[in-house]
Amino acid sequence: MNIAILSPDKEIFSGEITSVKVPGIGGQFEILSNHAPIVSSLGVGKVRVIKKDGEKVIFDIEKGFIEVLNNEVSLIVQGIKEE
């Protein structure tokens, strides 16, 4: 599965991953390979990305959106800080 994490002014992260956990408006949820298509708003919280090699990358965000379609994940986020 591939991901692109973008802020309004730059690309934050892109690459092959095994999962991503995001702070949805109604609570956290995780996207794994072959997830059903989804578009959702994101709230304040942590985005946890597990890269293909097992490395964990965590970002704090203020808000954003996620779209998942055919194992392609796009996150558009604001107020991002890498841990």
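Just so it is clear, none of the values below were taken in a lab; they were calculated from the coordinates. As the structure is a prediction and not an experimental result, all values here were calculated from the model.
Tabulated data for the structure shown
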{"quantity": "Net length gained if the chain between Gln78 and Glu16 were fully extended (0.36 nm per residue, minus Cα distance)", "calculated": "20.1 nm"}
{"quantity": "Where the Cα pairs of the chain fall when distances are cut into 10 Å bins, in %", "calculated": "20, 60, 20"}
